[in-house]
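The values are calculated or read from the model by the stated rules, or taken from the named source; none is laboratory data. Bear in mind the structure is a predicted one, so any value in this text is a computation, not a measurement. All Cβ positions, even for glycine, are placed from backbone atoms using ideal geometry, and neighbour counts span all protein chains on display. For accessibility, only protein heavy atoms count, side chains too; no ligands or nucleic acids. Shrake-Rupley method; radii C 1.70, N 1.55, O 1.52, S 1.80 Å.
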Amino acid sequence: MHYNQFLSLIDIFGTAAFAIAGAFSAMERKLDPFGVLIISFVSAIGGGTLRDVLVGNLPVSWLQNGTAILVIFCSSVVTMLFGHYLKQLQTALFLFDALGLGLFTIIGLEIAIKNGLPGYSCIALSTVTGCFGGVLRDVLLNKVPLLFRREIYALASIGGATAYYFLRRTTIDEDLSKIGCILLIFFIRWIAVRYALGLPRFYRDPAA
């Protein structure tokens, strides 16, 4: 399979995984179907929208991408209708979510570089692209974002973005660098979930 085809598949499945995660969160809050649909869209394209607004890339990318809109809509509807069955695919959804995080991080970094931003801004914008859909989702649902509570999520995005930023300055093939950094982000996420790793806390947990 060609690299571009592989990246396109990750884009589709990653978008679907983000949308399904948003739909589940909305259904837990007992939102109506329209609310579930909106939260699905926010989860899947919120980070990319915020990125495009920050760099003045208008109209935002998803408005010009009919495939993304269709994938999110279908994922949301399928979750509402067959959510019980999808919950049995937790592992597959996690895999697609982690791969999607990797791809969206790299896309954000490339857009930042094209806009001539310095390195630290490129890495920050790539993290916004990959992670802030979930942040916006949780804020709309009146929850403390998962990103700020326990899981190593943004750190995986930052690690992969930093690696890709420096790999672009080498003679390594660009497509290979993309794939390698997507897999790096995936590996960090997998290790963190597999071994329940998290950032240190600087307060005492009453439940401990």
Counting only protein heavy atoms and leaving out ligands, DNA and RNA, the solvent-accessible surface of Ile12 at a 1.4 Å probe, in Å² to the nearest 10, equals 70 Å²
Between Phe94 and Gln5, the FRET efficiency computed from the C-beta separation at R0 = 22 Å comes out, to the nearest 0.05, as 0.45
Carbon and sulfur atoms account, in whole percent of the 1.4 Å probe accessible area of the chain, for 66 percent
Measure of exposure for Cys131: accessible area at 1.4 Å probe, Å² rounded to 10, is 10 Å²
Partner lysines whose C-alpha sits under 26 Å from that of Lys114, ignoring same-chain residues fewer than 8 away, are Lys178
Computed over the range 1-116, the relative contact order (Cα-Cα under 8 Å, seq sep at least six) in percent reads 39 percent
Averaged per residue, the 1.4 Å probe accessible area of the range 5-195, protein heavy atoms only, in Å², is roughly 50 Å²
Note: the range 5-195, point scatterers on Cα, Debye, no solvent; log10 I/I(0) at q = 0.12, 0.13, 0.14 Å⁻¹ equals -0.54, -0.63, -0.74
The lysines whose Cα lies under 27 Å from the Cα of Lys87, excluding any fewer than 8 residues away in the same chain, are Lys30, Lys143
Among Gly102, Gly116, Gly160, the residue with the largest mean-square fluctuation in a Gaussian network model of the chain built from Cα contacts under 10 Å is Gly116
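Under the definition of Cα pairs under 8 Å and six or more residues apart, what whole-number percent is the relative contact order of the range 119-208?
On the way: 66 pairs, mean separation 25.8, N = 90.
The normalised contact order for the range 119-208 reaches 29 percent.
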Expressed in nanometres to one decimal, the distance between label points 7 Å along Cα→Cβ at Thr171 and Asp32 is 6.3 nm
Under a 1.4 Å probe, counting only protein heavy atoms, Leu136 has an accessible area in Å², nearest 10, of 70 Å²
Connecting every pair of Cα atoms under 10 Å apart in the chain and solving the GNM, the largest mean-square fluctuation among Ser40, Ser75, Ser157 falls on Ser75
Largest fluctuation, Pro145, Pro118, Pro33 only, Gaussian network model of the chain with Cα springs under 10 angstrom, belongs to Pro118
Taking Cα pairs closer than 8 Å and at least 6 residues apart, the relative contact order of the chain in percent is 23 percent
Semi-axes in Å, largest first, for the range 1-81 (Cα gyration tensor, √(5λ)) are 23, 17, 10
